[in-house]
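Visitor: Before I ask anything, here is the structure I am working with.
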Amino acid sequence: MQKVLVLGASGTVGALLVPALVAAGQRVRAASRHATAFAGAEAVRFDFANPATLGPALDGVDRLYLLMPADNPQVAQFLLPVVAAAAARGVKTVLQSVMGVEHTPQNPYRQVELALQRAQPSAVILRPNWFADNFHGMWAPAVAQGVIALPAGTGASSFIDARDIAACALAALTSTNFDGQAFTLTGPQALNYGSAATLLSQAAGRPIVYRAIDVDSFVAQLQAAGVPQDHGRMLAGLFAAVRAGDTAPVSDAVERMTGRPARTLAQYAADHAGAFR
Ligand SMILES: NC(=O)c1ccc[n+]([C@@H]2O[C@H](COP(=O)([O-])OP(=O)(O)OC[C@H]3O[C@@H](n4cnc5c(N)ncnc54)[C@H](OP(=O)(O)O)[C@@H]3O)[C@@H](O)[C@H]2O)c1
């Protein structure tokens with residue numbers, strides 16, 4: 001059996017996917033800049049910004065989980081060379097993309113999707129919605145203060161649990177059943193941020209509320225926290241889709257790929273309650 005290479009292995013999805021692959025009896029190479037170690041897997045240094053690290057990471061690999069680390073604007077620049085190298089070596093690629101990009105031809109994730117489909121028609125594309133895990137990840141400081149202030153208006157999102165993304169990735173990497181297909185991955189229910197905050201509050205046993213703010217206030221809030229203005233504007237721009245209702249649709253892809261329904265946000269909140277107290 002050849003190996004599965006997981007990029008972003010110590011990140012939100014990768015850190016769940018690597019142990020799941022190991023538990024499924026797969027040989028796994030876990031890649032990140034710091035070569036973070038995982039029990040039962042081979043750790044390797046890989047940096048998108050250092051092309052010399054790509055060949056050694058791909059050597060002896062027959063499947064690849066490809067994702068872009070969050071907060072990096074160089075999506076096409078970093079992902080396209082990996083797509084080409086994997087296709088040239090016949091490495092089956094499962095790409096973690098973003099919900100809705102199939103409707104935005106100018107989006108760099110869409111450009112990467114199209115390049116992958118051209119280079120490797122059997123590739124699998126996963127398009128997750130907003131991660132529930134952001135509440136204990138990038139929104140953790142706000143949750144800790146009890147006020148989640150975002151430019152989301154009253155828009156709802158079918159938040160997906162990263163455990164379900166990892167389960168879909170495992171299914172795509174360990175069978176050919178999903179080859180050549182793209183899947184929009186969502187949770188089972190769309191909730192606005194006010195309702196999401198209520199669920200977190202119930203799990204935490206303390207008040208956590210949502211406050212709708214405008215884009216400029218959001219960017220200023222991020223800047224005060226040390227986030228550069230252009231990155232803040234990029235993040236703020238993502239909420240236009242939330243306000244427009246584009247992140248509200250619910251898909252059954254998690255159940256189709258894994259045989260289990262997607263986890264609810266209430267389940268996510270209960271399972272991570274310790275992070276919210
Ligand atoms: N968060 C959401 O709500 C959401 C929703 C839809 C789609 N997405 C998409 O999901 C992706 C992010 O997934 P994720 O949250 O699982 O990833 P993540 O946690 O941001 O990934 C971090 C991982 O990438 C590694 N890494 C960072 N910089 C690197 C570099 N230059 N070269 C190689 N490895 C590097 C990190 O380890 P080292 O630091 O050791 O390198 C770590 O293993 C993005 O494409 C995002 O657009 C996110």
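The values are calculated or read from the model by the stated rules, or taken from the named source; none is laboratory data. If you're wondering where the values come from, they're calculated on a predicted model, not measured in any experiment. In this analysis, Cβ positions are derived from the backbone assuming ideal geometry, glycine residues included, and neighbour counts consider all displayed protein chains. Surface accessibility is based on the protein's heavy atoms, side chains included, excluding ligands, DNA and RNA. Shrake-Rupley method; radii C 1.70, N 1.55, O 1.52, S 1.80 Å.
Visitor: Within a Cβ distance under 11 Å of E113, other residues only, what is the Lys/Arg minus Asp/Glu net charge?
Guide: Its environment carries a net charge of +2.
Visitor: What FRET efficiency, computed as 1/(1 + (r/R0)^6) with R0 = 35 Å and r the Cβ-Cβ distance, is obtained for N50 and R211, rounded to the nearest 0.05?
Guide: E(calc), rounded to 0.05, equals 0.25.
Visitor: With only Lys, Arg, Asp and Glu charged, each at its Cβ (+1 for the first two, -1 for the last two), find how big the charge dipole of the chain is about the Cα centre; round to the nearest 20 debye.
Guide: On the way: 20 positive and 18 negative charges, 76 e Å.
For this selection, approximately 360 debye.
Visitor: Please list, in chain and number order, the residues 5+ apart from R127 or on another chain whose amide H is under 5 Å from its amide H, with Hs placed from the backbone.
Guide: Residues meeting the criterion, in which the H sits 1.01 Å from N, are S97, F183, T184, L185.
Visitor: In Å², what does the accessible area per residue of the chain work out to with a 1.4 Å probe?
Guide: On a per-residue basis, the chain sits at 43 Å².
Visitor: Tell me, in nm to one decimal, what length is gained between H34 and R277 on full extension, where the rule is 0.36 nm per residue of separation less the Cα-Cα distance?
Guide: That works out to 84.5 nm of additional length.
Visitor: Looking only at L58, L235, L21, which one moves most when the chain is put into a Gaussian network model with springs between Cα atoms under 10 Å?
Guide: Top of the fluctuation ranking is L235.
Visitor: Using a 1.4 Å probe and counting only protein heavy atoms, arrange R260, R211, R127, R206 so the residue with the most accessible area comes first. Don't jump to the answer; show the numbers that get you there.
Guide: Values: R260 90, R211 130, R127 20, R206 55 Å².
Result, largest first: R211, R260, R206, R127.
Visitor: Kyte-Doolittle mean at least 0.0 and Cα extent at least 15 Å along the axis: which DSSP H helices of the chain qualify?
Guide: Numbers: long enough: 75-88 (20 Å, 2.05); 108-119 (16 Å, -0.58); 162-174 (18 Å, 1.28); 193-204 (16 Å, 0.61); 229-243 (21 Å, 0.13).
What comes out of the filter, once short or polar helices are dropped, is 75-88, 162-174, 193-204, 229-243.
Visitor: For region 16-111, run through the trypsin sites (Lys or Arg not before Pro) and keep only the ones in DSSP coil with at most 16 other Cβ atoms within 10 Å of their Cβ. It would help to have the intermediate numbers written out before the result.
Guide: Values: sites: R27, R29, R33, R45, R63, R89, K92, R110; in loops: R33, R89.
Counting only loop positions with at most 16 other Cβ atoms within 10 Å, the trypsin sites (Lys or Arg not before Pro) in region 16-111 are R33, R89.
Visitor: Can you give the accessible area of I213, probe radius 1.4 Å, in Å² rounded to 10?
Guide: 30
Visitor: Right, another one. When a/c is below 1.5 the answer is rounded, else prolate if a/b is larger than b/c, else oblate, so apply that to region 130-183 with a ≥ b ≥ c taken from the square roots of the Cα gyration tensor eigenvalues. Numbers along the way, then the final one.
Guide: Details: a/c = 5.10, a/b = 2.33, b/c = 2.19.
Prolate, because a/c is 1.5 or more and a/b exceeds b/c.
Visitor: Anyone know which of N107, N192, N129 comes out most mobile in the 10 Å Cα GNM of the chain?
Guide: N107
Visitor: Using 0.36 nm per residue, how much length does the chain from S195 to Q145 gain when fully extended, once their Cα-Cα distance is taken away? Provide the component values of the computation, followed by the final result.
Guide: Values: separation 50, 0.36 × 50 = 18.00 nm, distance 1.73 nm.
Value of the extension gain: 16.3 nm.
Visitor: Per-residue accessible area for H136 at 1.4 Å probe radius, Å² rounded to 10?
Guide: Approximately 70 Å² for this residue.
Visitor: Who wins for biggest fluctuation among P228, P108, P73 in a Gaussian network model of the chain, springs between alpha carbons below 10 Å?
Guide: Looking only at P228, P108, P73, the largest GNM fluctuation is found for P228.
Visitor: Taking the simple approach of a point 7 Å from Cα along Cα-to-Cβ for both M1 and R260, what is their distance in nm?
Guide: Here the answer is 1.9 nm between the modelled labels.
Visitor: Given a cut-off of under 8 Å on Cα pairs at least six residues apart, what relative contact order in percent is computed for region 205-277?
Guide: Values: 25 pairs, mean separation 15.2, N = 73.
It rounds to 21 percent for region 205-277.
Visitor: Please report, as a whole percent, how much of the solvent-accessible surface of region 3-128 comes from carbon and sulfur atoms (probe radius 1.4 Å).
Guide: Details: 2910 of 5290 Å².
Using a 1.4 Å probe with all protein chains present, region 3-128 comes out at 55 percent carbon and sulfur.
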